[in-house]
1. Across the range 29-69, what is the total count of residues that are open to solvent by 40 Å² or more (accessible area, probe 1.4 Å) and under 15 Å from PHE81 (Cβ atoms)?
2. Only one of PRO140, PRO157 is under 15 Å from THR65 (Cα atoms) and not small (Gly, Ala, Ser). Can you tell me which?
3. Can you confirm whether the range 4-16 contains a residue that is free of Cβ contacts under 8 Å to residues at least 60 places away in the same chain and either more than 19 Å from ASP129 (Cβ to Cβ) or outside any helix (DSSP H, G or I) (or both)?
4. Quick check: anything in the range 84-106 open to solvent by 30 Å² or more (accessible area, probe 1.4 Å), of a type in the set (Val, Ile, Thr) and more than 22 Å from HIS158 (Cβ to Cβ)?
5. Out of all the residues in the range 7-28, which are among the polar types (S, T, N, Q) and either surrounded by 12 or more Cβ atoms within 10 Å (Cβ to Cβ) or under 12 Å from THR52 (Cβ atoms) (or both)?
6. Among the residues that make up the range 88-95, is at least one of them on the phi > 0 side of the Ramachandran plot and more than 17 Å from the chain's Cα centre (by Cα)?
7. In the range 1-30, how many are of a type outside the set (Gly, Ala, Ser) and over 30 Å from ALA57 (Cβ atoms)?
Amino acid sequence: LQTSINSTLRSNAISAAAGYGADETKDAFSVKCQVISIDRRSLTALYTGLFTPEGAAYSTNVFYTNTMDLRDGSNLGLNDFTDSYTMAGYVLSSDVTFSGLTDEQTAAALDYRETLTIEEFTDIFNRADFPLQTGVEWPPSFSYEKQGSIFFTFPVPHALGDYVTVRFDPSTK
């Protein structure tokens, strides 16, 4: 089981380059991994970095996560922690909480979210996380659970940072 889990983690980690469309002979793609949570039942790896296509004016911020069930070696995702429609409603609600944003960034994220519907957010969250399926594009959202809170991302324009992270605390809802 350990060999299988390690193989899946490695495969998922390096799949990001293809997911972003990087050409390994021309583009710069750099990520760092941090294990942010591990217990007897699961392990969560968080990846952050930059993707810079050759000749690009700017780099794209890269963020993805991988939560593995250590009991059976399966990938866990947002729909293992909550449901996409509820999270879409939460993102559009007045009590949404963003993680790691300044007041100015929060205001911009709140403005941007108004351009999307509950159906669009639900679709984004339904396509979150690993496992990747052959022929399917890179997931637009990644999630993880840490100390009882659920964190998940949604894509935003580059000027806003490429993604924002939402924090949902089920104990307060």
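The values are calculated or read from the model by the stated rules, or taken from the named source; none is laboratory data. From a predicted model like this one, the values you see are computed outputs, not experimental measurements. Positions of Cβ are backbone-derived with ideal geometry, glycine not excepted, and every protein chain shown enters the neighbour counts. Side chains included, ligands, DNA and RNA excluded: accessible areas come from the protein's heavy atoms. Shrake-Rupley method; radii C 1.70, N 1.55, O 1.52, S 1.80 Å.
1. Within the range 29-69, residues that are open to solvent by 40 Å² or more (accessible area, probe 1.4 Å) and under 15 Å from PHE81 (Cβ atoms) number 2.
2. Selected residue: PRO140, the only one of PRO140, PRO157 that is under 15 Å from THR65 (Cα atoms) and not small (Gly, Ala, Ser).
3. Looking through the range 4-16, none of the residues is free of Cβ contacts under 8 Å to residues at least 60 places away in the same chain and either more than 19 Å from ASP129 (Cβ to Cβ) or outside any helix (DSSP H, G or I) (or both).
4. Yes, the range 84-106 contains a residue that is open to solvent by 30 Å² or more (accessible area, probe 1.4 Å), of a type in the set (Val, Ile, Thr) and more than 22 Å from HIS158 (Cβ to Cβ).
5. Hits for the range 7-28 are THR8, SER11, ASN12, SER15.
6. Among the residues of the range 88-95, not one is on the phi > 0 side of the Ramachandran plot and more than 17 Å from the chain's Cα centre (by Cα), which makes the answer no.
7. So the answer is 8.
Residues checked against (1) acidic (Asp, Glu); (2) part of a helix (DSSP H, G or I):
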| site | (1), (2) |
| --- | --- |
| ARG40 | no, no |
| THR44 | no, no |
| PHE51 | no, no |
| GLU54 | yes, no |
| PHE63 | no, no |
| ASP80 | yes, yes |
| SER94 | no, no |
| LEU101 | no, no |
| GLN105 | no, yes |
